[in-house]
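Contents: one structure, followed by commentary.
The values are calculated or read from the model by the stated rules, or taken from the named source; none is laboratory data. The structure presented is a predicted model; accordingly, all values stated were derived computationally and were not measured. Cβ placement follows ideal geometry from the backbone for every residue including glycine, while neighbour counts extend to all protein chains displayed.
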Amino acid sequence: MTRREFLATGAAASVAAGDPPPAAHLGLLIYSYGIRAKAEKDRGFADPVRFIEFAHSRGADAVQVSLGTRAGDDAVAVRRVADKLGVAVEGIVSPPADDRADRDRFAAELAAARACGAEVVRTVMLGGRRYEVFDKPDDYPAFAKRAEAALRRAEPVARAEKVVLAVENHKDFRADEQVDLLKKIGSEWVGVCVDTGNNLALLDDPAGTIDALAPFARTVHLKDIGLEEAADGFRMAEVPLGRGCLDLPAVVTTLRRANPRIRFQLEMISRDPLSIPCLTEKYWATLGRVPGRDLARALARVRAAAGPKPLPRISGLKPDDQLAAEDAHVRESFAFAAKARLVPA
């Protein structure tokens with residue numbers, strides 16, 4: 001995406017910095033501002049207090065951000081600013097490894113999250129993407145076994161602190177695999193952070209994914225997805241809400257029906273499209289059980305959703321224009337959510 005193409009979208013003008021924030025009843029995930037967080041690292045952009053204030057200025061009524069381990073006074077400061085601004089807080093943690101020091105770290109982070117007012121913390125079991133990380137069929141069962149063990153270590157801590165651990169569908173588990181894992185754990189303190197787009201990368205049907213995960217949903221990464229064909233499969237990218245292929249009203253309705261108190265955190269990551277190389281040998285290393293009809297349906301979905309122009313690439317923009325585009329994408333998403341009453345009060 002060139003600067004001229006970005007400005008031509010009208011996003012920059014329609015969400016001018018001086019516009020009042022819309023009433024979207026939507027939270028804001030720190031990852032929606034990854035470019036700014038990196039650019040302003042030395043100024044503490046990702047500090048919870050600062051990010052809560054920033055998110056409120058964009059119209060958010062909730063945040064999801066790493067809270068870390070913090071002393072009592074620091075936790076009180078987070079809770080005070082959140083209460084003052086009417087912004088609900090959710091945390092982000094890594095699952096506990098099988099050693100005493102990391103189990104202590106995990107317990108300290110959940111205690112801090114609770115002190116900050118968080119009732120839910122999000123986690124992931126695999127940092128990378130399944131089709132990129134794993135090379136052979138045995139890799140996935142070994143990972144699933146480690147994930148189950150980590151959640152069994154985490155569950156008593158979550159239960160004791162009364163903080164729900166929400167496991168994101170992070171391009172690691174297909175929907176049925178994640179449901180099976182959660183049923184094995186069988187705890188009200190371990191649920192799902194439902195990412196509304198990630199399972200497209202694993203050839204899951206988007207509506208079917210939401211239906212399967214909804215009974216376990218504890219928080220949501222709300223995103224819309226743009227798709228385009230590629231020689232080795234397809235590409236996908238977060239796009240401002242309302243511009244992609246997902247039926248967002250149906251997504252919200254299904255998840256709120258399952259959990260009326262659930263919060264929706266906007267995840268609008270401004271980056272180049274991700275490659276989903278589903279026509280390559282390596283992609284299938286741990287996905288051999290996926291039926292061919294799922295591949296056919298996924299490629300048909302891509303073809304139906306692809307627009308006349310390629311998905312935007314942000315890497316070609318100058319740093320200041322990347323920052324502007326990132327902010328405009330978030331503002332546009334909040335404006336759409338408010339106008340469409342996507343998340344009713």
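Miscellaneous remarks
- Only a single item in (1) surrounded by fewer than 24 Cβ atoms within 10 Å (Cβ to Cβ); (2) part of a loop (DSSP other than H, G, I, E, B) is not met by residue 270, and it is number (1).
- You will find that of 280, 286, 253, the residue that is over 23 Å from residue 173 (Cα atoms), among the β-branched types (Val, Ile, Thr) and modelled with pLDDT of 95 or more is 253 and no other.
- When the criteria are applied in full, residue 275 meets the requirement of being within 28 Å of residue 240 (Cβ to Cβ), assigned to a strand (DSSP E or B) and not hydrophobic (A, V, I, L, M, F, W, C).
- Test set (1) in contact (Cβ under 8 Å) with a residue 24 or more places away in the chain; (2) within 12 Å of residue 30 (Cβ to Cβ); (3) in contact with a helix residue (DSSP H, G or I) (Cβ under 7 Å, 6 or more places away or on another chain) - residue 69 fails condition number: (2)
- Only one entry of 83, 73 meets the criterion of being at pLDDT 95 or above, more than 26 Å from residue 194 (Cβ to Cβ) and part of a helix (DSSP H, G or I), and that entry is 83.
- Scope the stretch 294-335; condition within 12 Å of residue 234 (Cβ to Cβ) and among the hydrophobic types (A, V, I, L, M, F, W, C); matching residues: 295, 298, 299, 300, 302, 304, 305, 306, 311
- Evaluation of residue 153 against the conditions (1) among the basic types (Lys, Arg); (2) modelled with pLDDT of 95 or more; (3) outside any helix (DSSP H, G or I) shows that the sole unmet condition is (3).
- In this structure, residue 90 does satisfy being acidic (Asp, Glu) and either closer than 30 Å to residue 290 by Cβ or under 16 Å from the mean Cα position of the chain (by Cα) (or both).
- Residue 232 being of a type outside the set (A, V, I, L, M), within 20 Å of residue 130 (Cα to Cα) and surrounded by fewer than 18 Cβ atoms within 10 Å (Cβ to Cβ): yes
- Per this entry, residue 243 is not counted among residues that are touching a Gly at 6+ places or on another chain (Cβ under 7 Å) and either part of a strand (DSSP E or B) or not basic (Lys, Arg) (or both).
- Scan of the stretch 5-62 for residues that are out of contact with any helix residue (DSSP H, G or I) (no Cβ under 9 Å at 6 or more places or on another chain), in a helix (DSSP H, G or I) and either modelled with pLDDT under 95 or polar (S, T, N, Q) (or both), ordered by number: 5, 8, 57
- Scanning the stretch 196-237 for residues being among the acidic types (Asp, Glu), touching a Pro at 6+ places or on another chain (Cβ under 9 Å) and part of a loop (DSSP other than H, G, I, E, B) gives a total of 1.
- Counting the residues of the stretch 86-113 that are within 20 Å of residue 46 (Cβ to Cβ) and either part of a loop (DSSP other than H, G, I, E, B) or touching a strand residue (DSSP E or B) at 6+ places or on another chain (Cβ under 9 Å) (or both) gives 12.
- Inside the stretch 263-286, residues that are of a type in the set (S, T, N, Q) and under 24 Å from residue 135 (Cβ atoms) make up a count of 3.
To keep it simple, each residue is scored yes or no on (1) over 24 Å from residue 263 (Cα atoms); (2) surrounded by fewer than 17 Cβ atoms within 10 Å (Cβ to Cβ); (3) touching a helix residue (DSSP H, G or I) at 6+ places or on another chain (Cβ under 9 Å); (4) touching a residue at least 40 places away in the same chain (Cβ under 8 Å).
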| site | (1), (2), (3), (4) |
| --- | --- |
| 110 | no, no, yes, yes |
| 113 | no, no, yes, yes |
| 117 | no, no, yes, no |
| 126 | no, no, yes, yes |
| 144 | yes, no, yes, no |
| 158 | no, no, yes, yes |
| 162 | no, yes, yes, yes |
| 200 | no, no, yes, yes |
| 203 | yes, no, yes, yes |
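- Filtering 93, 81, 87 for residues that are within 23 Å of residue 108 (Cβ to Cβ) and buried (at least 20 other Cβ atoms within 10 Å of the Cβ) leaves a single hit, 93.
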